[in-house]
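The values are calculated or read from the model by the stated rules, or taken from the named source; none is laboratory data. Worth saying up front: this structure is predicted, and the values here are computed from it rather than measured. Here Cβ is always computed from backbone atoms with ideal geometry, including for glycine, and neighbour counts include all displayed protein chains. Ligands, DNA and RNA are excluded from the accessible area calculation, which covers all protein heavy atoms including side chains. Shrake-Rupley method; radii C 1.70, N 1.55, O 1.52, S 1.80 Å.
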Amino acid sequence: MPAKIRRGDRVVVISGRSKGARGVVRSVDRKKQRVTIEGVNMIKRHQRARSMQQQSSIIEREGPVHISNVMLLDPATDEPTRVTFRRRDDGTTVRVSKRTGEDVE
């Protein structure tokens, strides 16, 4: 089955610490059911100095969010929407917004 949320989609977080945050999906891990969103769920990681030239530092980056905690933003209305699938006459499958009934692609 095709994925409801893909890399490059605009989404909104609907629950959790980052509730209400909007962003673009950077990566999708279908096996773990997690998505990484630009600028959302920022976490800090401490990095040890590996050599004398490199300093130790604190790196801030995006952490993964469970896919059930995000909703796709409808491109037409910019509001959260559920996603369904429709098969075209030529046999290709497209994602369809439940809110407006239009294709998401």
Next on the checklist: Just the residues that are free of Cβ contacts under 8 Å to residues at least 60 places away in the same chain and either acidic (Asp, Glu) or open to solvent by 50 Å² or more (accessible area, probe 1.4 Å) (or both), please, taken from the stretch 10-19.
Outcome noted: Gly16, Arg17, Lys19
Checklist outcome for this item: Residues in the stretch 81-105 that are part of a strand (DSSP E or B) and either open to solvent by 40 Å² or more (accessible area, probe 1.4 Å) or of a type in the set (A, V, I, L, M, F, W, C) (or both) total 9
Next on the checklist: Take Arg61 and tell me if it is in a loop (DSSP other than H, G, I, E, B) and without any contact (Cβ under 8 Å) to a residue 60 or more places away in the chain.
Outcome noted: no
Checklist entry - Out of the stretch 49-63, which residues are closer than 21 Å to Val24 by Cα and either open to solvent by 70 Å² or more (accessible area, probe 1.4 Å) or of a type in the set (Lys, Arg) (or both)? => result Glu60, Arg61
Checklist entry - Can you name the residue in the stretch 64-80 that is over 18 Å from Arg30 (Cβ atoms) and part of a strand (DSSP E or B) and, of all such residues, is least open to solvent (accessible area, probe 1.4 Å)? => result Leu73
Item to check | the stretch 30-48, residues that are of a type outside the set (Val, Ile, Thr) and open to solvent by less than 60 Å² (accessible area, probe 1.4 Å) | outcome: Gly39, Asn41, Gln47
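So that you can scan it fast, the table gives a plain yes or no per residue for (1) in contact with a strand residue (DSSP E or B) (Cβ under 6 Å, 6 or more places away or on another chain); (2) within 22 Å of Glu102 (Cα to Cα); (3) of a type in the set (A, V, I, L, M):
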| position | (1), (2), (3) |
| --- | --- |
| Lys44 | yes, no, no |
| Arg50 | no, no, no |
| Gln55 | no, no, no |
| Met71 | yes, yes, yes |
| Pro75 | no, yes, no |
Item to check | Residue selected from the stretch 32-58 under the condition without any contact (Cβ under 8 Å) to a residue 12 or more places away in the chain and basic (Lys, Arg), by the criterion nearest to Arg6 (Cα to Cα) | outcome: Arg48
Checklist entry - Among the residues of the stretch 1-29, how many are in contact with a Ser or Thr (Cβ under 7 Å, 6 or more places away or on another chain) and not in a strand (DSSP E or B)? => result 2
